[in-house]
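See below for the structure under consideration.
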Amino acid sequence: MPIDPTAAYDDGNVFARILRGELPCRKVYEDAHALAFHDINPQAPVHILVIPKGRYVSWDDFSAKASDEEIAHFIRAVGAVARQEGLVEPGYRMLANVGQHGHQEVPHLHVHLFGGRQFYAMVPE
Ligand code: 5GP
């Protein structure tokens, strides 16, 4: 069910629970401000989610309210994960779904990293 990207942060969301260690994840990267783990329902041979540790509902929320330091750190973390996982040379796709039309389902900002195969249509049906 798509979420409202402008809603208040819900501490019960699944990624908040992963951050608190209440739910397991297949972690690939962690630093003081970001966590990356494999998607539970992968859409490609490599499908990793990168999330900030801060309480941000969506890209909209993050881009409006996060500090410049948080934003810079998160963008660098996404790049570091892609490099660590060997995605840069073959290439990869990254996206962030926002709200209803974006079909965002988890109300904690996450960037998807897809790799391991050729991608074609940028916006498939
Ligand atoms: P969205 O549609 O919000 O951009 O993507 C949410 C993603 O989170 C989906 O690709 C979904 O498979 C993934 N996901 C949902 N619940 C869990 C979970 O408990 N663990 C992991 N690792 N991924 C999850």
Has the range 77-91 got at least one residue that is within 15 Å of the ligand (Cβ to nearest atom) and closer than 16 Å to residue 2 by Cβ?
no
Report every pair of residues separated by at least 6 positions or lying on different chains whose Cβ atoms are under 6 Å apart, first residue within the range 89-101 and under 11 Å from residue 78 (Cβ atoms), second aliphatic (A, V, I, L, M) and not in a helix (DSSP H, G or I).
92/113; 94/111; 94/113; 96/111
Tell me which of these residue 3 doesn't satisfy, since it passes every other one: (1) under 14 Å from the mean Cα position of the chain (by Cα); (2) within 11 Å of the ligand (Cβ to nearest atom); (3) open to solvent by less than 50 Å² (accessible area, probe 1.4 Å); (4) in contact (Cβ under 8 Å) with a residue 24 or more places away in the chain.
(1)
For residues that are surrounded by fewer than 18 Cβ atoms within 10 Å (Cβ to Cβ) and closer than 19 Å to residue 30 by Cβ, scanning just the range 86-105, find the one that is farthest from the chain's Cα centre (by Cα).
86
Among (1) part of a loop (DSSP other than H, G, I, E, B); (2) free of Cβ contacts under 8 Å to residues at least 40 places away in the same chain; (3) within 16 Å of the ligand (Cβ to nearest atom), where does residue 109 come up short?
(2)
Looking at the range 6-32, which of its residues are touching a strand residue (DSSP E or B) at 6+ places or on another chain (Cβ under 9 Å), open to solvent by 60 Å² or more (accessible area, probe 1.4 Å) and under 20 Å from residue 58 (Cα atoms)?
30
Just the residues that are under 19 Å from residue 107 (Cβ atoms), open to solvent by 20 Å² or more (accessible area, probe 1.4 Å) and not in a helix (DSSP H, G or I), please, taken from the range 55-82.
55, 56
Condition met for residue 9 (more than 11 Å from the ligand (Cβ to nearest atom), modelled with pLDDT of 95 or more and part of a loop (DSSP other than H, G, I, E, B))
yes
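The values are calculated or read from the model by the stated rules, or taken from the named source; none is laboratory data. Predicted model only: the values in this text are computed from it and were never measured. Don't worry about glycine lacking a Cβ; one is built from the backbone with ideal geometry, like all the others, and counts go over all protein chains shown. What goes into the accessible areas is simple: the full protein's heavy atoms, side chains included, and nothing from ligands, DNA or RNA. Shrake-Rupley method; radii C 1.70, N 1.55, O 1.52, S 1.80 Å.
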